[in-house]
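**Q** Submitted below is the structure of interest, expressed as C-alpha cells.
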Amino acid sequence: MSKKHPITVSSYTLGTEITFEERVRVAKEAGYEGLGLRAENYIAALQEGLYDEDILEILEKYDMKVTEVEYITLWAEENRSLEQQMKEQICFHMCDLFDVKQINCGLMENYSVEHTAKKLKELCHRAGNKIIGVEPMPYSGIPNLEKAWQVVDGSECDNAKIILDTWHWVRANQPYEKIIDIIPAEKVVSVQINDVQARPYAKQVLRDESMHDRVAPGLGYGDTVGFCKMLREKGIKPNAVGVEVICDEYVEKGVNFAAKYTYDNAIKVLKEAWPEIVEELELV
C-alpha cells in the first residue's frame, strides 16, 4: 500500500447496506488502497458481532487499511448532546484503532466565524494529536473555502486543517484559480474527488443532490481534472485521496460495480492531473 497518498473509497460510495467484510473485499478487488469508515459503519460492524480484533483481522486478510474516519458534527453547539459526545469519542477510538491521523468534520449550523473558531479550538484540544479536517459544504454553516480558512486560522490550532471535495467546490461556485491561494498548502489535510451533474438541485434541496446524485470522477460537468491540477500545483500533499461518489444509481447496480466504476474513473483523472500519485501506486 502507498503510505503517502492512499486512494481511498469513502464510506458512502459503497452505500450503507453492506457488511464490514464485504465492504473491505469489494474495495480491495476494485483496486482501492484504503477504506473510509464513518462512526456508523464501525458501530454496524460491532452489531454484526465483530470485535475490534475481528475487524483488524479482516483488514489484514485483504491487506487493506482504514485511511479515512468520519464524521463529527454539531461541534459548535453550546450544549452538545450525549449522543454527539459519544460519536466524537468513537471517532477518536477509530483513529487509534486504525492508526488514522485525521477525522473529517462538518458543520451544518451557521454561526459567526468567531464562535465557530472558538468551538473548533475546543474540538482540536479534545482531539489531542489527531487532526481535525474541516470540510466546507455549500449547504452548510461553512459553505466555502473562504469561511473555512477564517475558522481554521482563527482557531489558532496546528491540528485544525481543511478537507477539499470536488463536488462541494463546484457547487459553491468557486473558481479554479486565486481562491486556493488564501491558504497554505500544508493546511489541506486530504481531498475527495467525484463529479457533478449538469444542473444543480434547487438551493433548498442541494444537500439531497450531494447525498444521492453525484457522478464518478471525470464523467460530469465539474472539471475534476482541473480541480486535481489546482491542488497539485498548490503543492498539497493529502493524507488520503478519497473517492466520494455518493450515487444511488451506482449502488443499485451493485457494490462491486460502484467500487470498480468509481476507482477506474478516479485513476483516469489522476493519471492526467496528478500522475505521481498513480505512479506511486504502481511502484508498490
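The values are calculated or read from the model by the stated rules, or taken from the named source; none is laboratory data. Source: prediction; values computed, not measured. Ideal geometry is used to build each Cβ from the backbone, glycine not excepted, and the neighbour counts take in all protein chains shown. Just the protein is used for accessible areas: all its heavy atoms, side chains included, with ligands, DNA and RNA removed. Shrake-Rupley method; radii C 1.70, N 1.55, O 1.52, S 1.80 Å.
**Q** Which of the residues spanning region 140-157 are small (Gly, Ala, Ser) and open to solvent by 10 Å² or more (accessible area, probe 1.4 Å)?
**A** Scanning region 140-157 gives SER140, GLY154.
**Q** Also, I was wondering about something else. Give the residues of region 22-56 that are among the hydroxyl-bearing types (Ser, Thr, Tyr) and farther than 13 Å from THR67 by Cβ, sorted by residue number.
**A** TYR42, TYR51
**Q** Among TYR263, TYR221, TYR201, which is modelled with pLDDT of 95 or more and within 20 Å of GLU70 (Cβ to Cβ)?
**A** The match here is TYR263.
**Q** Which one of these is basic (Lys, Arg) and open to solvent by less than 20 Å² (accessible area, probe 1.4 Å): ARG214, ARG207?
**A** ARG214
**Q** Of the residues ILE132, ILE183, ILE142, ILE179, which is over 21 Å from VAL196 (Cα atoms) and out of contact with any strand residue (DSSP E or B) (no Cβ under 6 Å at 6 or more places or on another chain)?
**A** ILE183
**Q** Say we look at region 216-245 and pick out the residues that are within 14 Å of the chain's Cα centre (by Cα) and in a loop (DSSP other than H, G, I, E, B); which of these is farthest from LYS4 (Cα to Cα)?
**A** So in region 216-245, the residues within 14 Å of the chain's Cα centre (by Cα) come out as 238-245.
Retained after the next criterion (residues that are in a loop (DSSP other than H, G, I, E, B)): 238-240, 244-245.
Values: PRO238: 8, ASN239: 6, ALA240: 8, GLU244: 19, VAL245: 22 Å.
Once the filter is applied, the top-ranked residue is VAL245.
**Q** From the set of residues in region 53-76 that are free of Cβ contacts under 8 Å to residues at least 40 places away in the same chain and closer than 15 Å to LEU123 by Cβ, which is farthest from the chain's Cα centre (by Cα)?
**A** LEU74
**Q** Something else: Does any residue in region 11-31 that is on the phi > 0 side of the Ramachandran plot come within less than 7 Å, Cβ to Cβ, of a residue that is open to solvent by 10 Å² or more (accessible area, probe 1.4 Å) and at pLDDT 95 or above six or more places away or on a different chain, and which pairs are these?
**A** Partner pairs satisfying both residue conditions: GLY15/VAL251; GLY15/VAL255; GLY31/TYR263.
**Q** Output the residues belonging to region 158-191 that are open to solvent by less than 10 Å² (accessible area, probe 1.4 Å) and free of Cβ contacts under 8 Å to residues at least 40 places away in the same chain.
**A** Those that are open to solvent by less than 10 Å² (accessible area, probe 1.4 Å) and free of Cβ contacts under 8 Å to residues at least 40 places away in the same chain: ILE162, ILE183.
**Q** Among the numbered conditions (1) of a type outside the set (Val, Ile, Thr); (2) under 18 Å from the mean Cα position of the chain (by Cα); (3) open to solvent by 70 Å² or more (accessible area, probe 1.4 Å); (4) more than 26 Å from ARG126 (Cα to Cα), tell me where MET108 comes up short.
**A** (4)
**Q** Restrict the check to region 224-235 and report whether at least one residue is surrounded by fewer than 19 Cβ atoms within 10 Å (Cβ to Cβ) and of a type in the set (Phe, Trp, Tyr).
**A** Scanning region 224-235, I find no residue that is surrounded by fewer than 19 Cβ atoms within 10 Å (Cβ to Cβ) and of a type in the set (Phe, Trp, Tyr), so the answer is no.
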